[in-house]
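To start, the structure under review is shown below, and the notes come after it.
Read-outs throughout are calculated quantities, based only on the coordinates presented, and are distinct from any laboratory measurement. Small disclaimer: the values here were computed from a predicted structure and weren't measured. Neighbour counts run over all protein chains shown; Cβ positions are idealised from the backbone, glycine included.
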Amino acid sequence: MLCFQEPVTKEAKEHISSIFHRMQTSLSIIAGYADLICLDPQDENNRNTLHQEIKYLSSLFTRIQNANALQNQENQSYQKVSITSFIKNIYEKFSSINKHHEFSFSSEIQHEIFVKILPTECEEITRILLDNAFKYTLPKNKIKITLSLSDKNVIVSIRNEGVGISREDQKYIFDMFFRGKIENKVLGWGIGLSIAKSFADLQGLTLEVQSDEKSYVDFLLAIPNYSLS
C-alpha cells in the first residue's frame, strides 16, 4: 500500500530552518565551554554555563515537537526581566567563545530597568545579531553591545566595525533567504535576520539596521514600556 505525505508548506520549511539555525549557534557555545572545561575542569562557572546551554538546546527540541508554539501568540509566556542582567548574561556566554575580536558590553542605564518580553525569543534575537556580527567582522575589529534609553524604549545596540551594508541591501536585509553582496562571501542561508525580525514583530518590538557601507553595521532593538520595578 502506497502512503503519500502532504507537501511541506513554506511556513513549515521556514520554521524548521529557524530551529536548525538556533541549534547551530547553541552548539557553538557548548563547544566553546567544553574546551574551557578541558583546560580547567574545576571551574564551576564554566560547568554551570554549559549546563544552562544544554538545557536551552533541549528546549529547542521541545519546540520541534510543538511547532505551533511560535505561531500562536496566545501560547507565549511573557516575563518581566531586568534588561541589563538579561543582555549581560548573553554577552558573557559569547565572550567565552570569542578569540579574535575586541568584544565589549556597556550600559548607559543608571538604574535597574525591567521589561516585559518573551525571554526565549528575545535571547534568540540577540544571539542571531551577535552571531552575524562575529561572522562578518574581521579579526581584531570591534563588536559592542550597548544599552540605552530613548523616549519610552530600551535600546539594545549591537554594532560591529568593518564593511557595512549598502543602502540598497538594507531594504531587504530582513527578508527570508536574502543575502547581500558581502554576505555571499560567507557561508549562510539568509535566514537568521528574518527569524530575528519575526520574533521582534511577535512581541511588538522594533528591529532596525543602521550602517555605513565602509565602516560599521549597527542593529537596534527597541523594547517599549519599561518600568523601574
- Query: Which entries in the list K116/K197; K80/K142; K135/K197; K93/K140; K88/K140 go over 26 Å, if you measure between the two C-alpha atoms of each?
  - Reply: K80/K142
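For D201 and N89 in the same chain, what is the full-extension length gain: residue separation times 0.36 nm, less their Cα-Cα distance, in nm?
Extra length from D201 to N89 when fully extended: 38.0 nm.
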- Note on the structure: Protection proxy (average C-beta count within 10 Å per residue), highest first, orders 163-172, 34-43 as 163-172, 34-43
- Item | Gain upon complete extension [H111, D175; 0.36 nm per residue less C-alpha separation] | 19.4 nm
